[in-house]
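Undergrad: This is the structure, below, for whatever I ask next.
The values are calculated or read from the model by the stated rules, or taken from the named source; none is laboratory data. For clarity, every value in this text was computed on a predicted model and none was experimentally measured. Cβ placement follows ideal geometry from the backbone for every residue including glycine, while neighbour counts extend to all protein chains displayed.
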Amino acid sequence: MPQQSTLFDALEAQRRRDAALEAVEAGAPTGWSFHALRVVERVARARERFTPDDIWEAGLDKPPEPRALGPVMIRAVKDGICERLDEWMPSQIPTQHKTPIRVYRSLLFGGN
């Protein structure tokens, strides 16, 4: 019997994504994620559209693992602070080499 390929396995891909998000979040200092979410909320009140670059620019301290902002942004979407747009722009942080980053739309801007 031929062995089934695991090259394309949606459930395994989701499991690995979730495990990676948990590991990244666990690597952030205690309380960092809560503080980061407050910074996202502050930026969302001030800007109709924003990117993770705007969160860093707002003064959020980078944790040892900068990808820890990913789970925070997922939480911000779930909490109704913002929504993901199907739009990307190049990062302006020099060490990111203009990597495309997602654009978000605030759900709090203008008193919403």
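Undergrad: Just checking, how many residues over region 28-53 are touching a strand residue (DSSP E or B) at 6+ places or on another chain (Cβ under 8 Å) and closer than 12 Å to Asp79 by Cβ?
TA: The number of residues fulfilling the criteria is 2.
Undergrad: I would also like to ask the following. Is there any pair linking a residue in region 1-27 that is closer than 15 Å to Ile74 by Cα to one that is at pLDDT 75 or above and assigned to a loop (DSSP other than H, G, I, E, B), with Cβ under 7 Å and at least six apart or on different chains, and which?
TA: Going by the 7 Å Cβ cut-off, the qualifying pairs are Val24/Glu65.
Undergrad: If we keep just the residues of region 78-99 that are in contact with a strand residue (DSSP E or B) (Cβ under 7 Å, 6 or more places away or on another chain) and in contact (Cβ under 8 Å) with a residue 12 or more places away in the chain, which is surrounded by the most Cβ atoms within 10 Å (Cβ to Cβ)?
TA: The selected residue is Cys82.
Undergrad: Tell me yes or no: at least one residue of region 48-70 is in contact (Cβ under 8 Å) with a residue 60 or more places away in the chain and charged (D, E, K, R).
TA: Yes: region 48-70 contains one or more residues that are in contact (Cβ under 8 Å) with a residue 60 or more places away in the chain and charged (D, E, K, R).
Undergrad: Which residues, taken from region 30-70, are over 19 Å from Arg84 (Cα atoms), at pLDDT 95 or above and surrounded by 18 or more Cβ atoms within 10 Å (Cβ to Cβ)?
TA: Leu60 - this is the single residue of region 30-70 that is over 19 Å from Arg84 (Cα atoms), at pLDDT 95 or above and surrounded by 18 or more Cβ atoms within 10 Å (Cβ to Cβ).
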